[in-house]
1. Got a sec? Which of Glu203, Glu162, Glu177, Glu187 is under 20 Å from Pro61 (Cβ atoms) and open to solvent by 70 Å² or more (accessible area, probe 1.4 Å)?
2. Name the residue that is nearest to Arg163 (Cα to Cα), counting only residues in region 46-96 that are more than 9 Å from the chain's Cα centre (by Cα) and hydroxyl-bearing (Ser, Thr, Tyr).
3. Could you check Glu172 against (1) modelled with pLDDT of 95 or more; (2) under 19 Å from Thr93 (Cα atoms) and say which number it fails?
4. Would you mind stating whether Ala107 is open to solvent by less than 60 Å² (accessible area, probe 1.4 Å) and touching a helix residue (DSSP H, G or I) at 6+ places or on another chain (Cβ under 7 Å)?
5. Which condition does Ala19 not pass, out of (1) modelled with pLDDT under 90; (2) open to solvent by less than 30 Å² (accessible area, probe 1.4 Å), if it passes all the others?
6. Out of the residues in region 142-159 that are of a type outside the set (A, V, I, L, M, F, W, C) and not in a helix (DSSP H, G or I), which is most open to solvent (accessible area, probe 1.4 Å)?
7. Checking the conditions here, which among Gly116, Gly201 is without any contact (Cβ under 8 Å) to a residue 60 or more places away in the chain and on the phi > 0 side of the Ramachandran plot?
8. Just one of the numbered conditions (1) loosely packed, with under 15 Cβ neighbours inside 10 Å; (2) touching a Leu at 6+ places or on another chain (Cβ under 9 Å) is not true of Arg197; which one?
Amino acid sequence: MRRLRLTALMAGALALAAAALAAETRTITDATGRQIEVPADPRRVFAAGPPAATLLYTLKPDAMVGWPRAPGAEDLPFLRPETRDLPALGWLTGKGDTVNLEVLLSARPDLIVDYGTVTATYRDMARRVQAQTGTPYALIDGSLPTIPATLRRLGDLLAEPERGETLAAYAEATFAEIDAILAAVPEDRRPSVYLARGPEGIETAARGSI
């Protein structure tokens, strides 16, 4: 009986410690320059769109509350088991915005993360959604050259600094390798490249697209 009471007390203490940690906050600055009070260790994170979901998955998959769109059957074997059955909640940004505030609130996120273009339009949307839901909304720069810095920043934001540093170092090494290869090839001898997008490979990314 004494051992049971001790176990119960330890479990209660751990639960209180976890709740206290979740209640701790700090202030960060997102890519738009907004000062945002965020959880010290976010446990339930809503990804505002597919790029944000991909980035969140690489850094802290156990914090995901859902997918912007359901993974296809061909994707499932490559996903971590804890993420395969997460619900499709829709997304907040872009032409495919499908989520409403009721769905967002029902997911009970303690943080919203968006990853992509940083403009006044997205900044204003982040402010509006944060005001309407009471959930901190951080916008992360999605431009290609900032990927290492973005991984470190988001790793810190998600309380996963070691994971963020590992991925950032990999990105920096990859960029350096590509730069070295390009430096050895005169510009007039470099092949032109067409970037095809979409499931059929027939969509073109317009200049300025992330």
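1. Glu162
2. Thr83
3. Exception for Glu172: condition (2).
4. no
5. It is condition (2) that Ala19 fails.
6. Per the stated criteria, the residue is Ser143.
7. Gly201
8. (2)
The values are calculated or read from the model by the stated rules, or taken from the named source; none is laboratory data. If you're wondering where the values come from, they're calculated on a predicted model, not measured in any experiment. Every residue, glycine as well, gets a Cβ built from its backbone with ideal geometry; the counts of neighbours run over all protein chains shown. Each accessible area value is taken on the protein alone, full model and side chains, heavy atoms only, with ligands, DNA and RNA left out. Shrake-Rupley method; radii C 1.70, N 1.55, O 1.52, S 1.80 Å.
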